[in-house]
Amino acid sequence: MTRYLLTILALTLTGCSAFQTTDDGKYGNSTQGIPVSQLDVEKLKIGMHKRKVADIIGHPPHINPFAPDTWTYTFTKNGQQDPDVLVLTFKNHNLVKIQRSPQS
């Protein structure tokens with residue numbers, strides 16, 4: 001019984017340290033995605049297969065199930081989206097268009 005109580009106490013105390021309170025606003029201190037500026041976009045070539053693109057820069061944070069041939073890479077930090085966005089368009093699993101906004 002004592003061992004059981006000590007285990008629960010240990011889990012409870014360690015669980016408390018995992019939570020942090022921040023004053024970074026409504027969204028806390030969170031990030032989603034990778035900044036487009038850190039992706040190896042210059043290595044992408046028209047005609048590349050989706051698998052090769054994913055090997056080079058990875059999959060986007062999420063793929064729209066209604067437009068699976070359009071991959072959009074964005075970066076969000078503390079609820080604010082970075083204006084640098086990368087949109088890749090595929091046809092028959094091959095890259096047909098690379099669009100970056102704003103251009104850099």
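What follows draws every value from the coordinates through simple rules; no lab data is involved. Since the model is a prediction, treat every value here as computed from it, not as a measurement. Cβ coordinates were reconstructed from backbone atoms using ideal geometry, including for glycine residues, and neighbour counts include every protein chain displayed.
Under unit Cβ charges (Lys, Arg +1; Asp, Glu -1), what dipole magnitude, rounded to 20 debye, does segment 24-101 have relative to its Cα centre?
It comes to approximately 280 debye.
To make sure I understand, if each residue's beta carbon is the centre and we count other beta carbons within 10 Å, what order do F66, F75 fall in, fewest to most?
F66, F75
In terms of the Cα gyration tensor, with a ≥ b ≥ c the square roots of its eigenvalues, is segment 31-104 rounded because a/c is under 1.5, prolate because a/b exceeds b/c, or oblate?
prolate
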